[in-house]
């Protein structure tokens, strides 16, 4: 049995630990949105034969995109990052006054709805690109997976 000193579990340390995990969750969720759900290459190494700054393959974006305006994708990435972190304001003890405002919680929930609305447009666009232009090079298709099933 591990015994911790009483000072190790005091409130400020627990709050700091909680905030650390809140932001860890926010940043991991942001990574998942951008890299997995939207198939953008912002967090992956460029394995493209074209230079990453070419017009065909702009930095952090996919080669095949339905929307032609690159700024739309970059704006969505920034908004997603900001709105992924806003829900942490509700949990932060030094920002309790925001929760006490009449429209504070309503505004936080409205921003979350808008983030999800934006997310679904880019998620549907990703699936449309996969359907019409083929999967991304690093996609693992279940039909191509030829693993043997153990029959014990």
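The values are calculated or read from the model by the stated rules, or taken from the named source; none is laboratory data. Predicted, not measured: the structure shown is a model, and the values here were computed from it. Don't worry about glycine lacking a Cβ; one is built from the backbone with ideal geometry, like all the others, and counts go over all protein chains shown.
How many of the residues making up region 59-78 are part of a loop (DSSP other than H, G, I, E, B) and under 24 Å from residue 29 (Cβ atoms)?
Going through region 59-78 one residue at a time, the tally reaches 7.
Can we say residue 115 is under 22 Å from residue 19 (Cβ atoms), in a helix (DSSP H, G or I) and modelled with pLDDT of 65 or more?
Numbers: under 22 Å from residue 19 (Cβ atoms): yes; in a helix (DSSP H, G or I): yes; modelled with pLDDT of 65 or more: yes.
When the stated conditions are applied, residue 115 passes them.
Of 74, 145, which residue is closer than 18 Å to residue 39 by Cβ and either out of contact with any strand residue (DSSP E or B) (no Cβ under 6 Å at 6 or more places or on another chain) or modelled with pLDDT under 70 (or both)?
The match here is 74.
Residue by residue through region 101-125, note down the ones that are under 16 Å from residue 32 (Cα atoms) and free of Cβ contacts under 8 Å to residues at least 60 places away in the same chain.
Matches in region 101-125: 115, 116, 118, 120, 121, 124.
Mind checking which residues of region 77-102 are under 22 Å from residue 118 (Cα atoms) and at pLDDT below 80?
87, 88, 89, 90
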